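Contents: one structure, followed by commentary.
Taken together, the values in this text are just the output of simple stated rules run on the coordinates, not laboratory data. This is a predicted model, so every value here is computed, not measured. When we count neighbours, we look across all protein chains shown, and the Cβ atoms used for this are built from the backbone with ideal geometry, even at glycine.
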Amino acid sequence: MTQTAANASSDARFCDGHTDGTCKYFSCSSWRGPTQCVQNQCRCQPGYCAIGGKCVLNVPDQNLLTCPQRTGGTCSWFGYCYQYRGPTRCVDGECLCQPGFCSDDDGKCHKKMPDVHADVVPINDESNKFPPRQEDLKTAVALSGGSTRAMVAAIGALRGMEDLSLISHVDLLVSVSGGTWTAGPYMFSHMSEESLLGATTVPSQLSLPELTKRPGAIGDAATHDITGLLKHAFFNHDDPHSIWVNTFNEILLKPLALGNTSKYMASDEGSLQRILRNNPHLQREDFVVPPIDRPRAFVMLGVLLAPLGHESEDNTVVSLQMSPDFSGSPFYSGGHGHINYDEESTNWFAKADIPAVKLVVGGGMVETFALGGDAPYEGQSGGHGVKMPSPSEPFSLAKAIGVSSAAFTAMISQALNKFGGQSMQALIPVTTMWPITSRRVPAPKAAAKYKIGDGGHMDNSGLLPILQRKVPQVVMFVNTDVPISLKSDFCGSKRLISPDLQGAAAWYFVDKFGLASHIAGQFQMHNQVFHYADLQPILCDLQTHRRAGRPAASLRKLEVLKNSWWGIEGGWSVQLLVIYLDKSQVFENELPADTQKEIKAGKDGMFANYPHFPLMSQNPGSLTSFTSAQVNLLSAQVEYSVRQHEGLLREVLQGIPHNPSAPEKSAGFEDLNPNERREGSSEQAAMAGWEGAR
């Protein structure tokens, strides 16, 4: 260890990006070094700290971290600072931190904490092994995003698997966005499964009086709208970066005794005791730990949108994977590790307010309790008990759930040049991130403040983190609002090309087969992991089920293609069971007459849009909430789907071959086209058709 690092303060400090310069009318002075103009303030570029008004490269072993006092707030008009900033004092019209507190360049004052010792795991081209709990996994379940619809569908999926005793056979659970609203509380709550998810259901007993009963604890949260909490937060001048996180902490986690944004996460009691031995200033009460009967690994998917001041693009957005044990960005995106963020210009008097910057992103994971702090003094390439500055605040369960579901963030992150775009950036959650280095990307590499958001912006299915870990048996719940198309015959002998498949199924499903397009707020252009020719047979399976009125599902063994952006190895096979949310007439026929009548009433009934409830405004006057009846009916249908496909689920999760004569058998593509085989020539022809259509 260098002498400078050895003398680093035992109180964790932060990188101050404020130079005290302004750029309201003119660009920042060149003597300040690498600056960028953010909301009329001269701020240091990512990877630099302000020392005496100048921006200096934040090299970890040089100990440039200080205890910044500036929060960026003013008090010249009213003589006080907003409460969310923490312990402040008003000095010459500026909100400064009280002695003993420091600003982490996030507008708030934090208590100084000792440095922490945490494990760092490199996951890149030199070492691709995940942390122990995330390594050597055999089975996985993915719960897709889709706002409250996905949340409620995930309740049914988990309830059905619990009732069939299948959860004990799941090694990894991955959730995205609305799926995380259910998976997060489910993984950490110590309440009974029935209290959390509600009692198991029988379709014939789901009369309207039964459906209007209060759902289980997680489902009950879906009946409470977030609009009032958001309005209160805005008018109360709460921390803008945390408004979304705090809203779901209040509405979802507090009723489950999990609503504490000051608690860290840990994977189990053994790991927690090790963390406490290495960091005696932390206490057992500072942590939440999942029950022992939950899947051993859990990933809540988010994204790193861009460093502060930069917009998000297809070639800059990187996966952020948040788990109880380790979190971060596995592998170097694109395989090279360097991301180029373009310059952003919004000031007439400057060539560019935000100059272009090139940063190393990803490369591994750090223990989650240490996520959000500055780069280690040494050991940035990985190791046990690596000493690093403490994060300014815990990366809590509430923050992970809020980040994973912050669907508004991508559109705002792409609105820098729009009127009011700079101010709206404050609504996006942020965290400090640093890359795990390697021989090809050597240390030291500075940390930077990133905007973080909904994992659905990049992979709304949750499948890609599973394939990164080479899990061979996968169940994928696609809880979408896009029905399987009936316009084309996916089971015909004709191999369909791209135009025939537009709108065939959820965009975050077909993109895995190379059928992707540019969509505002979505970054899916790097998501192909399967042959394009493998898509039509799966669509045939799903379409066949839908036409027969059964819950849609498809079980296929697929070859995985190499994907450098995600660091996914090719040349191996995955058995993938897709359970797709769509209309099931068989299920509806089993419902009581009064419930069937309400469904048939369509937009004039209690279940308008069923089962494809929209992302927002399903009910008048609400943004995200469903009625109890809507929660109970939708979750019951997905639970029914699980039971109907019990044989397929047991084959994937337990290795028990299913009975081919069971109800879930599909009259699939090969059954209807016995002479059709996916050989090289047919695959090339299909791909040629796709490429030609593009």
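Taking the fewest neighbouring Cβ atoms within 10 Å as the starting point, the ordered list for ARG495, ARG550 is ARG495, ARG550. When Rg and Dmax are taken over the Cα atoms of region 355-473, they come to 16.1, 48 Å. Pairs exceeding a 31 Å alpha-carbon distance, out of LYS138/LYS600; LYS138/LYS494; LYS557/LYS583; LYS254/LYS600: LYS138/LYS600; LYS138/LYS494; LYS254/LYS600.
The radius of gyration of the Cα set in region 69-111, together with its Dmax, comes out at 8.9, 27 angstrom. Computed from label points 7 Å out along Cα-Cβ, the spacing between SER345 and LEU276 is 5.8 nm. Each residue of region 145-157 was assigned a 3J(HN,Hα) from its phi angle through the Karplus expression (A = 6.51, B = -1.76, C = 1.60, θ = phi - 60°), giving x, x, 6, 5, 4, 5, 4, 5, 4, 5, 4, x, 4 Hz with x at Gly and Pro. Projecting the Cα atoms of SER438, PRO483, ALA266 onto the charge dipole of the chain (Cβ charges, centred on the Cα centre) puts SER438 farthest toward the positive pole. Overall, the chain carries a charge dipole of about 580 debye about its Cα centre when +1 sits on the Cβ of Lys and Arg and -1 on the Cβ of Asp and Glu, all other atoms neutral. Going by amide H atoms built from the backbone, whose H comes under 5 Å of the H on PHE326, apart from near neighbours? Excluding prolines and chain starts, which carry no amide H, the hits are THR368. At most 15 other Cβ atoms within 10 Å and a DSSP loop assignment: could you name the trypsin sites (Lys or Arg not before Pro) in region 14-55 that fit? Listed in order of number, the matching sites are LYS24.
Dividing the convex hull volume of the alpha carbon atoms of region 453-591 by its residue count gives 119 Å³ per residue. Counting other Cβ atoms within 10 Å as a rough exposure proxy, the listed residues ILE568, ILE497 run ILE497, ILE568 from fewest neighbours to most.
Here the convex hull built on the C-alpha positions of region 307-425 has a volume of 133 cubic angstrom per residue.
Remark on the chain: ratio of C-alpha radius of gyration to 2.2 N^0.38 Å is 0.96. Phi-derived couplings, Karplus 6.51 cos²θ - 1.76 cosθ + 1.60 at θ = phi - 60°, listed residue by residue for region 231-248: 4, 4, 5, 5, 6, 8, 6, 6, 4, x, 4, 10, 4, 5, 4, 5, 4, 7 Hz, with x used for Gly and Pro. Close amide-amide hydrogen proximity is noted between GLY73 and CYS95, each under 5 Å apart and 5 or more residues distant or on a separate chain (H modeled in the peptide plane; Pro and chain starts excluded). Scalar couplings 3J(HN,Hα) for region 20-26, obtained by applying the Karplus form with A = 6.51, B = -1.76, C = 1.60 to θ = phi - 60°, are 6, x, 10, 9, 5, 10, 10 Hz; x denotes Gly and Pro. Using only the C-alpha atoms, the convex hull of region 260-318 corresponds to 149 Å³ per residue. From the mean inverse distance of alpha carbon pairs (Kirkwood) and the Cα radius of gyration, derive Rg over Rh for region 49-171. Radius of gyration relative to Kirkwood radius: 1.20. Computed extension gain for LYS603 through LYS129, at 0.36 nm per residue and net of the alpha carbon distance, reaches 165.6 nm. Subtracting the Cα-Cα distance of HIS336 and LEU57 from their residue separation scaled by 0.36 nm leaves 98.2 nm. The three principal axes of the Cα atoms in region 31-89 give end-to-end lengths of 39, 24, 17 Å, sorted in falling order. Placing one equal scatterer on every Cα of region 164-297 and applying the Debye formula, the log10 ratio I(q)/I(0) at q = 0.11, 0.12, 0.14, 0.16 Å⁻¹ is -0.52, -0.62, -0.81, -0.99. Percent of C-alpha pairs per 5 Å bin in region 519-644, short distances first: 2, 9, 15, 16, 15, 14, 13, 9, 5, 2, 0.
Listed by chain and number, the lysines whose alpha-carbon sits under 21 Å from that of LYS451, ignoring those within fewer than 8 places in the same chain, are LYS108, LYS358, LYS399, LYS418.
Each of MET616, MET265 was scored by other Cβ atoms within 10 Å of its Cβ. Arranged with the fewest first, they read MET616, MET265. Counted over the chain, the DSSP beta bridges are approximately 75% antiparallel.
Along the chain, counting only chymotrypsin sites (Phe, Trp or Tyr not before Pro) with a DSSP assignment other than H, G, I, E or B and at most 13 other Cβ atoms inside a 10 Å radius, the longest segment between sites is 420-694. Based on alpha-carbon centroids, what's the gap between region 521-596 and region 222-287 in Å, whole number please? Region 521-596 and region 222-287 have Cα centres spaced 34 Å from each other.
Using all pairs of distinct alpha-carbon atoms, the Kirkwood hydrodynamic radius of region 234-368 works out to 18.0 angstrom. Averaging Cα coordinates gives a centre for region 432-468 and one for region 137-158; these two points are 23 Å apart.
Subtracting the Cα-Cα distance of ASN659 and PHE78 from their residue separation scaled by 0.36 nm leaves 201.8 nm.
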